[in-house]
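Accompanying notes for the structure given below.
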Amino acid sequence: MREAGDESHAHEEGQGYYSRAIRLLDTIAATGYGSEEHPFHVTKIADEYLFMGHYLELDAFGRQSLVDCCDVFELGKGNRLYPDSVIYFDATRVLELEAAMFGGGK
């Protein structure tokens, strides 16, 4: 059986995780504009999807490709938060970490 304080603690813990996630997404947003010249910078590929889906509220991602060190997503069309039809993420750090992990480091 749960104590009355357990729900309050779970709510506080959930708020803490939510606050950290918002700070992470705000940090990604501060790194660029999503353009080819000023891509958003990420350290994990999963952050690209989290950022597009939850921060920019983009629900349709088209074709994705790697151009140099950028993940490029064709969106078809943007929305009120991100009006462009293409979004760029600089994945340099992701590629560096993968290379180091799999023995191809610099």
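Each value in this text was obtained by applying a stated rule to the coordinates, not by laboratory testing. Quick caveat, the model's predicted, so the values are computed rather than measured. Cβ coordinates were reconstructed from backbone atoms using ideal geometry, including for glycine residues, and neighbour counts include every protein chain displayed.
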FRET efficiency estimate (nearest 0.05) - Cβ-Cβ, Glu13 to Val86, R0 30 angstrom: 0.20
Charge dipole (debye, nearest 20) of the chain; +1 at Cβ of Lys and Arg, -1 at Cβ of Asp and Glu: 140 debye
Inter-site label distance for Lys77 and Ala46 at 7 Å from Cα along Cβ, in nm: 3.3 nm
Listed peptides 54-62, 10-18 by packing density, highest first (mean Cβ within 10 Å): 54-62, 10-18
